[in-house]
Structures are given as C-alpha cells and as structure tokens.
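Everything below concerns the one structure shown next.
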Amino acid sequence: MLDAFLGWTGVVFVFIGVFFLFLGALGILRLPDLLNRLQAGTKSTTLGVVATSIGVGLIVRGWILFAAALAVFLLMTNPISSHAIARASYRAGVKLYPGTHPDKCEERKWKLPEDGEEK
Amino acid sequence: MERAESSIASRYIYAVVIYFFLWIVLTYPFSIHEWEAGALIAFLGALLSYKQLSMSGVKNIRRIGILLFWYLPVFTWEMIKANLHVALIVLNPKMPINPGIVKIKTNLKSPVARVWLANSITLTPGTLSLDIDEQYLYIHWITVGAEDVEGATKEIAGTFEKILEAMFK
C-alpha cells in the first residue's frame, strides 16, 4: 500500500518536472534575447531536474538520499553558471531586447582591464 | 575579511562531521564496515582540507538549522512561484514582458552571504543576478516593477535579506 502510494507520488513528481523542463525549452525558443532566455532556462531546469530526481528517488527505494544530494548540488551550482553566462554575455556586448528599459548596468565601471588596455 | 576566525579545533571537527555525513549519504545501504572506513577517511580528509572548508567551524551548525527550517521553505515556495511566473509568460501568446536591468543595494557584509543572496535572487520570480559590485547588485528583471534602487531592493531582496542576515550574523 505504502509502496504503491510512494511510487505514484514519484510518478507525479516526475511529470511535474518534465512539464517544467518542457516549458523551459519553449521559453528558450520564444523569448527575444539572451538574458530573457537564460531566465526561463535557469528557473525551469532547476525545478524540473530537482522534481524529476526526487520523483525517481521515491519510485526506486534506496535512491532517495542520492537524489537529495543531487538536488542540493544542483541548487548550489545552477544559479552560479547562469550568473557567469549572463555576466560574460553582457560584458561581451550581446545585444539586449530593444524594450529593455532601465539599463543601470551601463554605468558600471568594470574593474578588470579590457582587452588591449594597459593595466 | 574582518570576520573572526574560529579555533582550529572547531574548524577541524566541523570538517570531520561534514565529511562523515557525506560519506554516510553516498554509501546509502547502511553497514557498520562502511561507517568504520568512512570515519577513518573523514578524519584523514579533514586533516588535509579543513582550512579550505570553513572559517567559522562548529558555529555553522546553527546556520544549517536556519537553512533547513527557515530558508528552505521560503525558498521552495519562491521557486515554485518563479516557475509559474515563467510558465504564464511563455504560454501567453502575447508574451507580456517588460525587461530591464535594475540596481539593488544589500546590507549583507560577508562575501558568502552575498553569494547566497545572488543565488536566491536568480531562482526567484523574474529576476536574474547579472553582476555584483561591493554592495550593489545588478539584476535583470523580466517584468520591471520599480526602477529606483530602494523600490527594487524592497521588492527583490526583501524576503531573503532578513533570513540571510540572521544566518550570517
């Protein structure tokens, strides 16, 4: 009884995860520029993969601790990689969506020397 | 950094506890032989790397408590909201976006706390941390709600700053 209940809960979790992963892919396809796409990509992959791995942990007993460890490492590293991509793209001058209204980052003085600049 | 370091013993014990716990998690079907090997390896590994693992040693246990029972529920709820927010934008045929990059100010002092704040902001509705400059963070916001520094700070960082302040006091 409990086994079946946990199994079906796991299946529900996996479906939620897959649904959000699909939405993330759709967002990457539909949104206009890199930063917006990155937003959709980061958020939905994080929740999607966490939900999927917890679901798998509930279906297959004995994997739940591994699934939890996987989820923790993913939660810690996923935002960092998206942050690195966003910062690199902004510094490299990737064009923003024309409607991007306040661009406070323009006034930012980069501390690292630019290419070709004397230190 | 001006944060006071804890004693070497405290940092070492903290490293042993963390490594032993990780070992138990990763060798899940529990058996006493695994635990013996794990204890040995935790003591040796901690000897090599306790300096890199933490500055404040056993005091981190209190932080882990706050993390589990206060930060994690709030964070989970915010992350679900963030995903529904993205879902509504993506599934709407007109795509109601109004993106912009705003600047927020944080009062957190320690670098680790700022990393946590930036990560939390990235995973909450509509915001992505783009850059950090001392106490200012630059945030890409998919539906801009407030353009000035104070308004944006209140709306984006408000929930997490309180928790992180308690955590990294």
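The values are calculated or read from the model by the stated rules, or taken from the named source; none is laboratory data. Note that this is a predicted model, so its numbers are computed, not measured. No Cβ is skipped: glycine too gets one built from the backbone with ideal geometry, and neighbour counts run over all protein chains shown.
Please go through (1) under 15 Å from A:Ala40 (Cα atoms); (2) touching a residue at least 60 places away in the same chain (Cβ under 8 Å) for B:Leu108 and return the number of the only condition it doesn't satisfy.
Going through the list (1) under 15 Å from A:Ala40 (Cα atoms); (2) touching a residue at least 60 places away in the same chain (Cβ under 8 Å), B:Leu108 breaks only (1).
Does the stretch A:100-110 contain any residue that is out of contact with any strand residue (DSSP E or B) (no Cβ under 8 Å at 6 or more places or on another chain), modelled with pLDDT of 85 or more, part of a helix (DSSP H, G or I) and not small (Gly, Ala, Ser)?
No, because not a single residue in the stretch A:100-110 is out of contact with any strand residue (DSSP E or B) (no Cβ under 8 Å at 6 or more places or on another chain), modelled with pLDDT of 85 or more, part of a helix (DSSP H, G or I) and not small (Gly, Ala, Ser).
Being more than 22 Å from B:Leu130 (Cα to Cα), hydroxyl-bearing (Ser, Thr, Tyr) and assigned to a helix (DSSP H, G or I): is that true of A:Ser53 here?
It is true that A:Ser53 is more than 22 Å from B:Leu130 (Cα to Cα), hydroxyl-bearing (Ser, Thr, Tyr) and assigned to a helix (DSSP H, G or I).
Is it fair to say A:Leu29 is in a helix (DSSP H, G or I) and either more than 11 Å from every other protein chain (Cβ to nearest Cβ) or in contact with a helix residue (DSSP H, G or I) (Cβ under 8 Å, 6 or more places away or on another chain) (or both)?
Answer is no for this residue.
Report yes if B:Gly100 is free of Cβ contacts under 8 Å to residues at least 12 places away in the same chain and assigned by TED's automatic domain parsing to the domain that holds B:Glu134, otherwise no.
Here the answer is no, as B:Gly100 does not meet what is asked.
A:Leu29 - would you say it is of a type outside the set (Lys, Arg) and under 13 Å from the mean Cα position of the chain (by Cα)?
When the stated conditions are applied, A:Leu29 does not pass them.
Out of A:Gly27, A:Gly17, I need the residue that is in contact (Cβ under 8 Å) with a residue 24 or more places away in the chain, crowded, with 22+ Cβ neighbours inside 10 Å and within 30 Å of B:Asn92 (Cβ to Cβ). Which one?
Checking each option against the conditions leaves just A:Gly17.
Scan (1) within 10 Å of chain B (Cβ to nearest Cβ); (2) closer than 19 Å to B:Thr143 by Cα; (3) part of a helix (DSSP H, G or I) for the single condition A:Arg37 breaks and write down its number.
For A:Arg37, the failing item is (1).
Among the numbered criteria (1) out of contact with any Gly (no Cβ under 6 Å at 6 or more places or on another chain); (2) part of a loop (DSSP other than H, G, I, E, B), which single criterion is violated by B:Ser6?
Exception for B:Ser6: condition (1).
In the stretch A:73-88, how many are more than 9 Å from chain B (Cβ to nearest Cβ) and either touching a residue at least 24 places away in the same chain (Cβ under 8 Å) or touching a helix residue (DSSP H, G or I) at 6+ places or on another chain (Cβ under 9 Å) (or both)?
Total meeting the criteria: 3.
Listed residues B:Lys81, B:Lys59; which is within 30 Å of A:Leu26 (Cα to Cα), over 14 Å from the mean Cα position of the chain (by Cα) and not β-branched (Val, Ile, Thr)?
Within the list B:Lys81, B:Lys59, the selection yields B:Lys81.
Of the numbered conditions (1) under 21 Å from A:Gly27 (Cβ atoms); (2) crowded, with 19+ Cβ neighbours inside 10 Å; (3) of a type in the set (Ser, Thr, Tyr), B:Thr143 fails exactly one; give the number of that condition.
B:Thr143 satisfies every listed condition except (2).
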